[in-house]
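For reference, the structure is listed below as structure tokens.
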Amino acid sequence: MQTSQLSSLLLFQKIRANSATEADAHRQVLDTAVEALGAVHPSDARLLQLRFRQGMTAREAGSLLHLAESTVYTQQREAIARLTAVIEGQERQIRSTQLASWERRLEGLATARLVGIDDQLASLSARLGSTDPPFVTSIEGIGGIGKSTLAEALVRRLAPETAYVDLAWVTARQQSFNLGGSIREERRSLLSALGIAELIFDQLWQDEVQPLALSSGHKLQMLQQRLKQTPHLVVVDNLETVADLDQLLPTIHQLANPSQFILTSRESLFSESGIYHHPLRELGQVHALQLVRQEAEERNLPSLASAPDDDLVPIYDTVGGNPLALRLVVGQVHIYPLEHVLNGLRGARGQSALNLYTYVYRKAWDSLGENEQSVLLAMPLIREQGGELDDVAAVSGLPPDVVGDALATLVPMNLVDARGDFDQRRYTIHSLTRTFLHEIAHWA
Ligand SMILES: Nc1ncnc2c1ncn2[C@@H]1O[C@H](COP(=O)(O)OP(=O)(O)O)[C@@H](O)[C@H]1O
Ligand SMILES: [Mg+2]
């Protein structure tokens, strides 16, 4: 086996994490495998040791073992084939153990059938699988659009294919929203950059004895040493709730390469360099209806699952392609007629609808200035395909430069979508945002 082939093994990367040099790690992988081979085929192991550890020629080894030189070559070929099989078996074993322990760190988001993300998964996993920069990928979009789910699906896809030594999955999330329509507070205060680094540290050192009372600075140092030596995969979910993002991003850049970071954020990190941006768009109508039917099937709502498109399109017209909102609607149909559920969303009535809007929009809305709120409130007057800056200015009654400034805030917050190319930007909003804005004046 070529040493370059060895390097792509998780088996190698795990040993490499604790050895001084690549050569030491290669040697250890081979010695361990030869030892395992020796338990079943002692003569194979002995021959390989004589030839490759003691450096004997085939003739020398042959005379020691009372074998003709040509027999030495034949036996050596067989021994190498068996050794390769041993290494492959060890690799399978270590990967399946790893998958089981990673599974416990994930949140079980991407276990259901996912809709409409195959292409994104393929292109993102190809990007992450390569060893080219950037080593930081950020998945960006409004609440419920599927960022965490995509991140988890990516991890699950990469796990069997790539030799990451370990995975850390940490979240800065403060709130979660469940499909019953309620909000759960998970954390009172915002996490800091050091807090995130400590969470990553705690996962990666989970099975190791640590010296007591390590300072967070020291933990960061150890983390950097480990992540720089061998490739790890680190997911930081909900970056928008980190207190000091301006501290966290430089820290992440220090830790990345060869390790890869996947970030998810409601706010786009356009202004940061060295980050590969992946804006997550809402599902199109076909996929949205597919998700509705699938969800209805899983929740045992056969009449909804088999309803014709015409009956389901009002769902899409009301909440668009936001998977969280689509799943919430289906869940509510268990309790109320569909029309009632949609009216609740359109009129922002009923606790579930209000909670959904609170979860997706409240923080962002409250952080907006007066002009930004005015521009956003005017957006439903723009046709769905989007309008240019002058159109937005016209409907909002604000001067174009004020609108331009407001859009510079609203677009990175993913409240307004900017489409089109460089010389012709068109601005539009998600259907869920449109429905929400019809009723939101009372928040203002
Ligand atoms: N592509 C998809 N197919 C099916 N369900 C999805 C998909 N993306 C997200 N979901 C579901 O939508 C909900 C919101 O997704 P989530 O990843 O939590 O959004 P975000 O992290 O952007 O707030 C979850 O219940 C998730 O299971
Ligand atoms: Mg999320």
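Considering only residues that are more than 12 Å from Val333 (Cα to Cα) and more than 33 Å from the chain's Cα centre (by Cα), which ones fall in region 288-312?
Result: Ala307, Pro308, Asp310, Asp311.
Considering only residues that are touching a Gly at 6+ places or on another chain (Cβ under 8 Å) and within 15 Å of ligand 2 (Cβ to nearest atom), which ones fall in region 173-212?
Those that are touching a Gly at 6+ places or on another chain (Cβ under 8 Å) and within 15 Å of ligand 2 (Cβ to nearest atom): Phe177, Leu179.
Mind checking which pairs have a first residue in region 93-112 that is free of Cβ contacts under 8 Å to residues at least 60 places away in the same chain and a second that is part of a helix (DSSP H, G or I) and of a type in the set (S, T, N, Q), Cβ under 8 Å, 6 or more apart or different chains?
Short answer, once both residue conditions are applied: Leu109/Ser148; Leu109/Thr149; Ala110/Thr149.
Please tell me if His442 is modelled with pLDDT under 95, touching a Pro at 6+ places or on another chain (Cβ under 9 Å) and surrounded by fewer than 19 Cβ atoms within 10 Å (Cβ to Cβ).
no
Within region 314-335, is there a residue that is within 21 Å of Leu109 (Cβ to Cβ) and hydroxyl-bearing (Ser, Thr, Tyr)?
No, region 314-335 has no match at all.
When you scan region 154-183, how many residues do you find that are among the aliphatic types (A, V, I, L, M), assigned to a helix (DSSP H, G or I) and farther than 23 Å from Arg266 by Cβ?
Result for region 154-183: 2.
Report, by residue number, each residue of region 378-420 that is within 20 Å of Leu280 (Cβ to Cβ) and assigned to a strand (DSSP E or B).
Selection gives Asp417, Ala418, Arg419, Gly420.
Looking at (1) part of a helix (DSSP H, G or I); (2) in the same structural domain as Ala153 (by TED's automatic domain parsing), can you tell me which one Gly116 breaks?
Going through the list (1) part of a helix (DSSP H, G or I); (2) in the same structural domain as Ala153 (by TED's automatic domain parsing), Gly116 breaks only (1).
Has region 103-117 got any residue that is touching a helix residue (DSSP H, G or I) at 6+ places or on another chain (Cβ under 8 Å), more than 16 Å from ligand 2 (Cβ to nearest atom) and within 25 Å of Ser8 (Cβ to Cβ)?
no
Determine if region 126-142 includes at least one residue that is part of a helix (DSSP H, G or I) and in contact (Cβ under 8 Å) with a residue 60 or more places away in the chain.
Yes, there is a match, as at least one residue in region 126-142 is part of a helix (DSSP H, G or I) and in contact (Cβ under 8 Å) with a residue 60 or more places away in the chain.
Does region 224-248 hold any residues that are aliphatic (A, V, I, L, M) and at pLDDT 95 or above, and which are they?
Selection gives Leu227, Leu233, Val234, Val235, Val236.
Working only within region 139-198, note down all residues that are small (Gly, Ala, Ser), surrounded by 17 or more Cβ atoms within 10 Å (Cβ to Cβ) and near ligand 1 (Cβ under 10 Å from one of its atoms).
Selection gives Gly141, Gly143, Gly144, Gly146, Ser148, Ala151, Ala153.
Quick one: how many residues across region 421-441 are in contact (Cβ under 8 Å) with a residue 40 or more places away in the chain, not in a strand (DSSP E or B) and not basic (Lys, Arg)?
Residues flagged as in contact (Cβ under 8 Å) with a residue 40 or more places away in the chain, not in a strand (DSSP E or B) and not basic (Lys, Arg) within region 421-441 amount to 12.
Of these, Leu407, Leu368, Leu342, Leu376, which one is under 20 Å from Gly144 (Cβ atoms), buried (at least 16 other Cβ atoms within 10 Å of the Cβ) and without any contact (Cβ under 8 Å) to a residue 40 or more places away in the chain?
Leu342
Cβ-Cβ below 6 Å, separation at least six or inter-chain, first residue in region 146-163 and outside the structural domain of Ser123 (by TED's automatic domain parsing), second at pLDDT below 95 and buried (at least 19 other Cβ atoms within 10 Å of the Cβ): which pairs?
Listed pairs, sorted by first residue: none to list.
Can you tell me how many residues in region 6-23 are among the hydroxyl-bearing types (Ser, Thr, Tyr), exposed (fewer than 15 other Cβ atoms within 10 Å of the Cβ) and either over 27 Å from the mean Cα position of the chain (by Cα) or not assigned by TED's automatic domain parsing to the domain that holds Ile80 (or both)?
1
Please specify each residue of region 24-82 satisfying the condition of being of a type in the set (Gly, Ala, Ser) and under 47 Å from the mean Cα position of the chain (by Cα).
Hits for region 24-82 are Ala25, Ala33, Ala36, Gly38, Ala39, Ala45, Ala79, Ala81.
Please determine whether any residue of region 291-312 is part of a loop (DSSP other than H, G, I, E, B), in the same structural domain as Gly129 (by TED's automatic domain parsing) and within 16 Å of ligand 1 (Cβ to nearest atom).
Looking through region 291-312, none of the residues is part of a loop (DSSP other than H, G, I, E, B), in the same structural domain as Gly129 (by TED's automatic domain parsing) and within 16 Å of ligand 1 (Cβ to nearest atom).
The values are calculated or read from the model by the stated rules, or taken from the named source; none is laboratory data. Quick caveat, the model's predicted, so the values are computed rather than measured. Cβ coordinates were reconstructed from backbone atoms using ideal geometry, including for glycine residues, and neighbour counts include every protein chain displayed.
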